1. Of the beta bridges DSSP finds with both residues in the chain, what % are antiparallel, to the nearest 5?
2. How would you classify the range 121-237 from its alpha-carbon gyration tensor, with a ≥ b ≥ c the square roots of the eigenvalues: rounded for a/c under 1.5, else prolate if a/b is greater than b/c, otherwise oblate?
3. Report, for the range 121-237, the % of DSSP beta bridges that are antiparallel, rounded to 5.
4. Could you put Asp203, Asp137, Asp38 in order of accessible surface area, largest first, with the 1.4 Å probe and the full protein assembly present?
5. What percent antiparallel are the DSSP beta bridges of the range 7-116, to the nearest 5?
6. How much FRET efficiency would the formula 1/(1 + (r/R0)^6) give for Arg236 and Arg140, where r is the Cβ-Cβ distance and R0 is 22 Å, rounded to 0.05?
7. For the range 231-237, take each phi angle, set θ = phi - 60°, evaluate the Karplus expression 6.51 cos²θ - 1.76 cosθ + 1.60, and give the result in whole Hz per residue in order, putting x for glycine and proline.
8. Residues of the range 75-98 with the amide nitrogen closer than 17 Å to a label point 7 Å from the Cα of His31, along Cα-to-Cβ, please.
Amino acid sequence: MRREAGKVYLIGAGPGDPELVTLKAVRALGHADVVLIDDLVDRAVLVHAPRARVVPVGKRGGCKSTPQRFIEKLIVRLARRGQVVARVKGGDPFVFGRGGEEVLALAAAGIECSVVPGITAGVGVPAAFGIPVTHRDIARGVTFVTAHARDGAGPDWAALARTGTTLVIYMGMQHINAIAAALSAAGLAAMPAAVIERGTTVDERSVVDCVGGIAEAARAAGLGSPALIVIGEVVRMARSSERAQPLRRQA
Ligand code: SAH
């Protein structure tokens, strides 16, 4: 039986709050026959995919996860069967999301793919927390960096400290002691720092301190992944009382 080739939507679902999903993502989910969803994504987004079969494909660092190659093969197989596949990732699919690898795999297989951008956690989480990451006169820019590289090597923290940009660190919690020590040694010990866990969700937790104290503050508060570490003078502007309320789940 021959069927027409399907297509794939590579969708960013935003930082956590299901109301921070774009209208384009909602429309794409409405077309989906099957949804492959990452474990960072709130299942509430599935209400937009009423026709779809749901396949969870967790890929959380350090935990049991579905290998990337397997996910790529699965997407190709489903699309070749004529299915409309929605591949849903947290944040933006191309920011530390391995979306690029999936796009290459689909291109190699000759399958049509549309990318639906999402609000990356590094922008959306600080914003909802009241931190303007590039506030004029305080930060000349923002640097997104991961502490977790495949080769095990960390970034050059001293060089990053010299940029004068706000630092937004993804996947940093396993290395927070070493990161804070390296940035302190580079002269940033007194710089304001925040750790925001599960930002924009109903489970959000956070601490604000200085770089020299942030690792101990996060440990004392029991914070873990997924969390962002935000470093820079702009952290002083965080005003928790003015935060937008995330969507409450219906009981
Ligand atoms: N593609 C995603 C990032 C995936 S990497 C994006 O664009 O946001 C996963 C890392 O993102 C986590 O380890 C954490 O550092 C960060 N992250 C994702 N969602 C988060 C959230 N709601 N709150 C805090 N950090 C988050």
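The values are calculated or read from the model by the stated rules, or taken from the named source; none is laboratory data. No experiment lies behind these values; they were computed from the predicted model shown. Using ideal geometry, Cβ is built from the backbone for each residue, glycine included, and neighbour counts are taken over all protein chains shown. For the accessible areas, the whole protein counts, side chains as well, though only heavy atoms, and no ligand, DNA or RNA atoms are used. Shrake-Rupley method; radii C 1.70, N 1.55, O 1.52, S 1.80 Å.
1. For the chain, the DSSP antiparallel bridge percentage is about 40.
2. Numbers: a/c = 1.34, a/b = 1.05, b/c = 1.27.
Cα axes put the range 121-237 in the rounded bin.
3. Expressed as a percentage, antiparallel bridges in the range 121-237 total about 75.
4. Asp137, Asp203, Asp38
5. Details: 1 of 20 bridges.
Within the range 7-116, antiparallel bridges account for around 5 percent of the total.
6. Details: r = 16 Å, r/R0 = 0.74.
For R0 = 22 Å, the calculated efficiency reads 0.85.
7. 10, x, 4, 4, 4, 4, 7
8. The answer is 76, 78-89, whose backbone nitrogens lie closer than 17 Å to the label point.
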